[in-house]
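> The structure is given below, and queries will be raised subsequently.
The values are calculated or read from the model by the stated rules, or taken from the named source; none is laboratory data. These numbers were taken from a predicted model, which means no experiment stands behind them. Heads up, the Cβs are rebuilt from the backbone with ideal geometry, glycines too, and the neighbour counts pull from every protein chain shown. The area values use the complete protein model at the heavy-atom level, side chains included, leaving out ligands, DNA and RNA. Shrake-Rupley method; radii C 1.70, N 1.55, O 1.52, S 1.80 Å.
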Amino acid sequence: MRTRKTATVKMNPSNLPSLLHLTIEEASDGLQSGLFTSAHLVKAYLGRIEESSEFNAVLQVNPDALSVAQQLDEERVRSGSRGRLHGIPLLIKDNIATKDKSLDASSGSYTLLGAKPAMESSLIGKLRDAGVVILGKTNLSEWANFRGLNVSSGWSPRGGQTLGTYCPNSTPEGSSAGSAVAAALGLSTAALGTETVGSILEPAELNNVVGFKPTRGFIGTDGTIPISRRQDVIGTLTRTVKDAAYLFSKMAGRSDRDDRTWHIPIDPIPDFTTFCRGTDLGGITIGVPRNSWAADSPAPIMALFESALETLRSTGAKVIDNANFSAADEFRKLNQQVKGIVRSSEFKRDIVCYLETLESNPNGIHSAEDIIEFTKTSPREEYPDRDIGKFLWTQVEGIDVDSDKYKHMIEQERFFGGEGGILGAIEKYDLDVLVVPSSLGIGNDLAAKMGFPAIGVPLGFWPENTPIELDGNKPNLVRTAPGVPFSITFFTKAYSDGVLLQVAYAFEQLVAVRDNGPLPFKLPKTELKDVAQKLEKT
């Protein structure tokens, strides 16, 4: 049911929220009450994007965003609101296809610049139906970090190097770097990212935002440039857990172009914000798989993690310590070899399937071999200064989804994530959720292999006496330093996303790290009040 609004908007500069902290709920309330319009939001965000250009978070802005916002404002007055996402501007990672004429889906590479899929992602269609404004595309690690072995996170030939927000010249981590930085700096109300392994959770961590990776199959991934269709997931980078729930409620659901979504056991899709309901976790059991990370893990992270466990106990939750993974040591011995072969096999197959959907393909790219050749011969791709080690994995003899080697390794992954890992621990200790410190250890990797949901919530910051450590990749950015954030991560079995959000929300409300901690070292200045003042002058 739509709610009608007929009041004329006249912004009061003294009563406008800060865009650095603006949530979807606050934005929706402001739009519905007439405090500001979607067009005002778009204008303010565009100003902030321009002011934050040194971070290289946004690859393209949508020149049609303002006119779309104006149309949605007029619709709100004429026939009412479509819901909480009506008029909300979002930034989208540059490996998700949209039908916007001026926006590309290139994965940050010149290889696919100008290539247009015949249809946009079904996910984007769901968000448009909900009233979202596509503000632009975010920068990312080229090919979602499936190119080189010594290439820094957040770098692409088209977008340059995205930088982290809490320390100058720092890594943003993960391939969804631009989306995390945009959420951290308030360049849009929220942003979308993708993850194969760590590409949402890691940049969320280093930029002090919430990273949510839903169950694989809850959201259609058609129209997304793949690494592994089996494992790739579209998720969110937001400033709060509840914002992730708002987006997920509209993103989840079946797609005729993604068979995995027809295994969703929930119909209809619920309003996931109903799981964000306070801090009482009575009846919830949380496992701590201590053998999933090193015993000598960094003291500052571990100290706050132990405090976090006490916070979780204070909610009434039952916390089971040493809810360990039975095959953790075996997994560590085999993981790198298995991961490289499995992911290379899937990329080699799945990228062909995506390329076949292209309506226009100006560079004539039809295979992994074509991508390699273009990368090696186009000066704009910066080869060999930036290597192609991961691409070359696809050319190794025997790497093929039809090979016995691939099939055996898939069975291994299912065992390590299932009986020997997450599912084994959940069954043995009767758990609802598992929790791990930061991105340490193997827990997040196992969850990714199984397509299980995970959410990272800000936990704290490295202390003042922290030695500066570099990431070791070209161009060797800062990885650890005083004031750099780190997270706590919760994960669980498939389609238990609701309880995951419930636990993460309760923890977030009690610790409020993002609200009470330090701010990014440099912030954009434009606010809604500046848009209001410009309108008054005209």
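> Can you name the condition, by its number, that GLY364 falls short on among (1) without any contact (Cβ under 8 Å) to a residue 40 or more places away in the chain; (2) touching a Phe, Trp or Tyr at 6+ places or on another chain (Cβ under 6 Å); (3) among the small types (Gly, Ala, Ser)?
Failing condition for GLY364: (2).
> Name the single residue that is modelled with the highest pLDDT among those in the range 523-538 being open to solvent by 90 Å² or more (accessible area, probe 1.4 Å) and touching a helix residue (DSSP H, G or I) at 6+ places or on another chain (Cβ under 9 Å).
Filtering the range 523-538 for residues that are open to solvent by 90 Å² or more (accessible area, probe 1.4 Å) and touching a helix residue (DSSP H, G or I) at 6+ places or on another chain (Cβ under 9 Å), the one modelled with the highest pLDDT comes out as LYS525.
> Filtering the range 402-436 down to residues that are modelled with pLDDT under 95 and either in contact with a strand residue (DSSP E or B) (Cβ under 6 Å, 6 or more places away or on another chain) or not in a helix (DSSP H, G or I) (or both), which residue is surrounded by the fewest Cβ atoms within 10 Å (Cβ to Cβ)?
Restricting to residues being modelled with pLDDT under 95 and either in contact with a strand residue (DSSP E or B) (Cβ under 6 Å, 6 or more places away or on another chain) or not in a helix (DSSP H, G or I) (or both), the top hit is ASP402.
> Being open to solvent by 30 Å² or more (accessible area, probe 1.4 Å) and over 23 Å from the mean Cα position of the chain (by Cα), is that true of even one residue in the range 441-463?
Within the range 441-463 (the criterion being open to solvent by 30 Å² or more (accessible area, probe 1.4 Å) and over 23 Å from the mean Cα position of the chain (by Cα)), the answer is yes, since at least one residue qualifies.
> Separate question: Could you give me the residue pairs with C-beta distances under 6 Å whose first residue belongs to the range 507-530 and is among the polar types (S, T, N, Q), whose second residue is assigned to a loop (DSSP other than H, G, I, E, B) wherever it lies, and which are 6+ apart or on separate chains?
Every condition considered, the pairs that remain are GLN509/THR279.
> Oh, and also: For the range 439-519, which helices (runs of 4 or more DSSP H) that fit wholly inside it have 1 or more residues that are in contact with a Phe, Trp or Tyr (Cβ under 7 Å, 6 or more places away or on another chain)?
443-450, 497-511
> Could you count how many residues in the range 284-320 are outside any helix (DSSP H, G or I) and open to solvent by 60 Å² or more (accessible area, probe 1.4 Å)?
Counting residues in the range 284-320 that are outside any helix (DSSP H, G or I) and open to solvent by 60 Å² or more (accessible area, probe 1.4 Å) gives 3.
> So, one more: In the range 104-118, what residues are surrounded by 24 or more Cβ atoms within 10 Å (Cβ to Cβ) and within 30 Å of ASP73 (Cα to Cα)?
Selection gives ALA105 alone.
> Based on this model, can you work out whether ALA44 counts as crowded, with 23+ Cβ neighbours inside 10 Å and either touching a Leu at 6+ places or on another chain (Cβ under 6 Å) or modelled with pLDDT under 95 (or both)?
So ALA44 passes the test.
> Pick from SER81, SER53: which is over 15 Å from ALA191 (Cα atoms) and either among the aromatic types (Phe, Trp, Tyr) or out of contact with any Ser or Thr (no Cβ under 8 Å at 6 or more places or on another chain) (or both)?
Within the list SER81, SER53, the selection yields SER53.
> For the range 381-400, state whether one or more residues are in contact with a helix residue (DSSP H, G or I) (Cβ under 6 Å, 6 or more places away or on another chain), over 24 Å from THR194 (Cα atoms) and either part of a helix (DSSP H, G or I) or at pLDDT 95 or above (or both).
yes
Listed here are the residues, each with its yes/no results for (1) more than 30 Å from GLU306 (Cα to Cα); (2) in a helix (DSSP H, G or I).
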residue	(1), (2)
ASP243	no, yes
LYS250	yes, yes
THR279	no, no
GLY282	no, no
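> Okay, next question. Give me the pairs, please: first residue somewhere in the range 343-360 and closer than 19 Å to ALA105 by Cβ and open to solvent by less than 10 Å² (accessible area, probe 1.4 Å), second residue anywhere and of a type in the set (Gly, Ala, Ser) and in a helix (DSSP H, G or I), beta-carbon distance under 8 Å, and either six or more positions apart or on two chains.
PHE347/ALA368; ILE351/ALA368
> Given (1) open to solvent by 10 Å² or more (accessible area, probe 1.4 Å); (2) closer than 20 Å to GLN502 by Cβ, where does ILE219 come up short, assuming only one miss?
Among (1) open to solvent by 10 Å² or more (accessible area, probe 1.4 Å); (2) closer than 20 Å to GLN502 by Cβ, ILE219 violates only (1).
> Take GLU381 and decide whether it is open to solvent by less than 40 Å² (accessible area, probe 1.4 Å), out of contact with any strand residue (DSSP E or B) (no Cβ under 8 Å at 6 or more places or on another chain) and within 30 Å of PHE491 (Cα to Cα).
No: the conditions fail for GLU381.
A quick yes/no check of all residues on (1) within 16 Å of SER179 (Cβ to Cβ); (2) within 25 Å of the chain's Cα centre (by Cα); (3) part of a helix (DSSP H, G or I):
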{"residue": "GLN60", "(1), (2), (3)": "yes, yes, no"}
{"residue": "LEU66", "(1), (2), (3)": "no, yes, yes"}
{"residue": "LEU72", "(1), (2), (3)": "no, no, yes"}
{"residue": "ARG84", "(1), (2), (3)": "no, yes, no"}
{"residue": "LEU90", "(1), (2), (3)": "yes, yes, no"}
{"residue": "THR98", "(1), (2), (3)": "yes, yes, no"}
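> A follow-up question, please. Is one or more of the residues making up the range 74-82 part of a strand (DSSP E or B), out of contact with any Leu (no Cβ under 7 Å at 6 or more places or on another chain) and not hydrophobic (A, V, I, L, M, F, W, C)?
Scanning the range 74-82 turns up at least one residue that is part of a strand (DSSP E or B), out of contact with any Leu (no Cβ under 7 Å at 6 or more places or on another chain) and not hydrophobic (A, V, I, L, M, F, W, C).
> What are the pairs, 6+ residues apart or on separate chains, where a residue within the range 17-35 that is over 21 Å from GLN533 (Cα atoms) has its Cβ under 9 Å from a residue that is in a helix (DSSP H, G or I) and open to solvent by 40 Å² or more (accessible area, probe 1.4 Å)?
From the range 17-35, the pairs are THR23/LYS242; ILE24/LYS242; GLU25/LYS242.
> A follow-up question, please. Please enumerate the residues belonging to the range 222-237 that are among the polar types (S, T, N, Q) and either open to solvent by 10 Å² or more (accessible area, probe 1.4 Å) or assigned to a loop (DSSP other than H, G, I, E, B) (or both).
Once the filter is applied, which keeps residues that are among the polar types (S, T, N, Q) and either open to solvent by 10 Å² or more (accessible area, probe 1.4 Å) or assigned to a loop (DSSP other than H, G, I, E, B) (or both), the range 222-237 yields THR224, SER228, GLN231.
> Moving to a separate point now. Check off (1) in contact (Cβ under 8 Å) with a residue 12 or more places away in the chain; (2) over 28 Å from PHE461 (Cβ atoms) for TRP262 and give me the number that stays unchecked.
(1)
> Moving to a separate point now. Of everything in the range 252-277, what is assigned to a helix (DSSP H, G or I) and surrounded by 14 or more Cβ atoms within 10 Å (Cβ to Cβ)? Give them in sequence order.
Across the range 252-277, the qualifying residues are ARG260, THR261, PHE272, THR273, PHE275.
> Still on this structure, please answer the following. Could you pull out the residue among LEU19, LEU31 that is modelled with pLDDT of 95 or more, part of a loop (DSSP other than H, G, I, E, B) and not hydroxyl-bearing (Ser, Thr, Tyr)?
None of the other options fit; the residue is LEU19.
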